[in-house]
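Worksheet: the structure to be examined is printed underneath.
A short reminder: the numbers here are calculations on the coordinates, not readings from a lab. None of these values were measured; they are calculated from a predicted model. Cβ placement follows ideal geometry from the backbone for every residue including glycine, while neighbour counts extend to all protein chains displayed.
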Amino acid sequence: MTFPAALSRPAARPAPAAARAAPVLEMAHVSASYGTRAVLRDATLAVSAGEITVLLGPNGAGKTTLIRAVCGRLRPDHGTVRVKEHAAHLSTARRRIGLVPQELALYPSLTVRENLDIFARLAGMPRAGIAGRVGAVMEAAGVAAQANERIDRLSGGWKRRANIAAALVGEPALLVLDEPTVGVDRAALAGFADLLRALAAAGLAVLIVTHDLEQAAAVADRVAILVNGHVVLEGPMHDLVARRFGGARRVELRWSHPPDGDTRAHLAALALQSDATGTTFTGGLAAGTGALADLLLTLEQRHAMPREVSVREPDLAALYADVLAEAAR
Amino acid sequence: MICAIMKAMGLTLLRDKGALVMTFLLPPLMFLVFAAVFTGVSGDDAPVKAALADASGSEGGHALFVSLHNAPLVQAIPVRDEAAVRDAVRSGTADAGLVIVSDPSAGGNAAPLLILADPGRAAAAGLLMAHVQEVISERLPQIGLKRLGAQMQSIVGSFTPEQTEQFDLALQASAESAAKGEKPRGGEFFARETVDSLKALPTVTYYAGAIAVLFLLFSSVQGAASLVEERRSGIFDRIVMMPGGTSVMVLGKFAFITLQGVVQAALLFAVAGLVYGVAVLPHFGTWIATTIAAAAATASLALALASAARTRQQAQTLSTFAVLMLSAIGGSMVPRFLMPAWLQSAGWITPNAWVIEAYQASLWRGAAFGDLAPALFVLICYAAAGLVTSVVLARRHVRLG
């Protein structure tokens, strides 16, 4: 893969492709277990070149196991994992993956350039091409100015960029990032999203595992939500949100104390779900139909006005919360 | 690819001043301390701290007491009586004690001198005895002669007046020559001569090897700990995705730690050669073969331990236990010839014993390659077994299911 000259500059989100390119990563009906404990159950996922897929899931959902399966470090009990048409456990597949672990997988007392030089050699690059490749990757990851700085003297954001750069030196087809923005301050996050989009635009297939919904929403072309080892939802982020909520607005009503039984019944009739404390109700209400105004009027008449009302456009966070709530029911 | 791992380890070491000092400066310094102990004391000139009491009330007893008090190798602690001598020895105030029970120049069956020793410092009693004999022989020869005369008379009968006169003259002459600092003439059993030698003391050569292998183990363990550290940091995860995988990672570390060990041993033996004349250069071939085999054996042993551990804490505990046990049994702390026979036999399971033996054979006895073959073979077997174990165990961390 070659990088465009100005890759480190912010890139516009690519227009949705009419048809997806052939998948770089194909995970089909994968089940895996540790002993008797099933960790992945019939998980299916595909990531194509040029797109960013964000994998979301609560703790214990099986995200780490899924990454291990993708990287060929866990052979599934059932199903197949293929990278560029090679079975994931083969070295031919592993060579096509650039892994960005959650930890800073770099030698701390070495400079950015020295680290990249070492990982390029380990990736089996011909000696003659290493300097050029390292230079290109540093440009691409936006760390060229920090080339001669020791890793342990860089700030969190630069360290994270160097961590990504090290995964790129082996010319991967699939970039797998595990919580890539841990320790990155808010100011640097926007630059991070630009970097990841630029990498996808350059032809990489990108799979990100993260808990940061804001960051995920900023970069995701596609979203996969993993619950109890099963990919319960997968597709283009905006399509999924639109399909889930239609034209509805997300409404959240909060009381100091749980409302009375009649009010609760009324809210339930409108498909607003209560949380465990019984003081917060959330759900979707169709926009432009007067449903919200009618609800508030009814609550006022019942002297049961909530302490707080919020209405917002449905987004990835709402989608994720809704899917988890549904899974919990 | 192996060179890439070596480069990473080399740069990391070069930028860690503490590790540099521990790896390259501390071993020669430790060697100098041990060598100073063993060259400063060669046995017969060792000083001894002795509690002295003169209970004889005799002129000869007093003369011996004063002479011992002034003897340079006896650090005398004068006390009142035998009980005080016993107390001083028992409490450790003195290494040994001497009670002048009766006139040492008088004849008779009872011993005029009583040496008291603590069982834990039995060697001190021997040293004190030697120093007393030396003092009597060189400073108070008339005491020995007078006692001998008295015993002769008890066996062959009294001297005639002429013999008594001759004997008294001899006593006077020996006292006068001793007072002038002259050596006694005739009647000695031993004549002693020190053989000139360019060789270092064997104990110094022994400790050069012993300290070398001890620090080879320590620095190998330190270097191999990076394997655990890199598993924690994710570097391991990154490298196993690359073409060389775990094998390159382990082999790279093995090569670097072995090279580091050779440099470390070279510095230690350079100091040993320059300061104490340990003969490295005349036996360079066997020395370098021993050093490479020793460094390879300790490197692979440390890597196997690090690969077996799941956490840094576990690796540290395992390694400390292994290094201390191997060093204690293998003779890095106490010379093996001082150990009981069963422990000496047990020592052969450690690389330390083979390394020390190989260095002794090479540098002290000037052994040829053929003589070193058993030791080198065992060390190479250690290296191979450790390396295979490391690779197998490291692969276990790659595939989790």
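Numbers for the structure displayed
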| item | result |
| --- | --- |
| Of all DSSP beta bridges in segment B:48-179, antiparallel share, percent nearest 5 | 35 |
| Inter-label distance for A:His303 and A:Ala22, nm, one decimal - labels placed 7 Å from Cα along Cα-to-Cβ | 7.2 |
| Top positive-direction residue, dipole computed over the protein assembly as shown with Cβ charges, set B:Cys381, B:Ala328, A:Phe281 | A:Phe281 |
| Intensity falloff of segment A:103-160 expressed as log10 I(q)/I(0), Debye formula with alpha-carbon point scatterers, at q = 0.12, 0.26 Å⁻¹ | -0.25, -1.10 |
| Rel. contact order, % - alpha carbon contacts under 8 angstrom, at least six apart, segment A:23-236 | 31 |
| Segments B:152-165, A:217-230, B:285-298 sorted - mean Cβ within 10 Å per residue, highest first | B:285-298, A:217-230, B:152-165 |
| Per-pair calculated FRET efficiency, R0 = 41 Å: B:Gln314 and B:Arg365 via Cβ, rounded to 0.05 | 0.50 |
| Exercise: per-residue mean of other protein chain Cβ atoms within 10 Å, A:167-177 | 1 |
| Formal net charge of residues neighbouring A:Ile208 (Cβ-Cβ distance under 9 Å; K, R +1; D, E -1) | -2 |
| Over chain A: Rg over Rh, Cα atoms, Kirkwood Rh | 1.05 |
| Folded to 0 to 90 degrees: helix B:59-70 orientation relative to chain B principal axis, Cα | 30 |
| Chain A - mean residue ellipticity at 222 nm from DSSP helices (-39,500 (n - 2.57) per run, n ≥ 4, rounded to 500) | -10500 deg cm²/dmol |
| For segment A:149-204 and segment B:76-108, distance of Cα centres in Å | 81 |
| Gaussian network model of chain A, Cα within-10 Å springs - most flexible of A:Arg133, A:Arg243, A:Arg307 | A:Arg307 |
| Expected-Rg normalisation [2.2 N^0.38 Å, Cα atoms] applied to the protein assembly as shown | 1.55 |
| Beta bridge orientation in segment A:23-236: antiparallel %, DSSP, nearest 5 | 55 |
| Shielding by other protein chains, A:61-73, mean Cβ within 10 Å | 2 |
| Under 14 Å, Cβ to Cβ, from A:Arg20 - net charge with Lys/Arg +1 and Asp/Glu -1 | -4 |
| Segment B:48-179 - convex hull of alpha carbons, volume per residue in Å³ | 97 |
| Dipole magnitude of segment A:247-313 about its Cα centre (Cβ charges: Lys, Arg +1; Asp, Glu -1), debye to nearest 20 | 120 |
| For residues of A:183-190, the mean tally of beta carbons on other chains within 10 Å | 0 |
| Expected 222 nm ellipticity per residue - DSSP helices of 4 or more, -39500 (n - 2.57), all of chain B, to 500 | -22000 deg cm²/dmol |
| Debye-sum result for chain B in log10 I(q)/I(0), which assumes one identical scatterer on each alpha carbon, at q = 0.09, 0.11 Å⁻¹ | -0.70, -0.86 |
| Computed P(r) (all Cα pairs; segment B:245-401; 10 Å bins; percent) | 11, 35, 35, 15, 4, 0 |
| Ordering of A:193-201, A:145-153, B:216-224 by packing [mean C-beta count within 10 Å, highest first] | B:216-224, A:193-201, A:145-153 |
| Compactness index (Cα Rg / 2.2 N^0.38 Å), segment A:167-263 | 1.44 |
| Positive dipole terminus of chain A, leading residue within A:Thr298, A:Gly62, A:Pro259 (C-beta point charges) | A:Gly62 |
| Segment A:169-235, relative contact order in percent, only Cα pairs under 8 angstrom and at least six apart counted | 33 |
| Unit charges on C-beta of K, R, D, E only; dipole of chain A, Debye | 1000 |
| Segment B:48-179: relative contact order as a whole-number percent, Cα under 8 Å and 6+ apart | 24 |
| Residues A:Ala128 and A:Arg243, FRET efficiency given R0 of 60 Å [Cβ-Cβ distance, rounded to 0.05] | 0.70 |
| Nearest 10 degrees, 0 to 90: helix B:2-14 Cα axis against chain B principal axis | 50 |
| Two-site label geometry, B:Asp118 and B:Asn70: point separation in nm, points 7 Å out along Cα→Cβ | 3.0 |
| Helix B:312-330 vs. chain B, principal-axis angle (Cα, 0 to 90°, nearest 10) | 40 |
| Square roots of 5 times each gyration tensor eigenvalue, C-alpha, segment A:247-313, largest first, Å | 18, 13, 10 |
| Highest-first arrangement of B:230-238, A:45-53, A:179-187, where packing means the average Cβ count within 10 Å | A:45-53, B:230-238, A:179-187 |
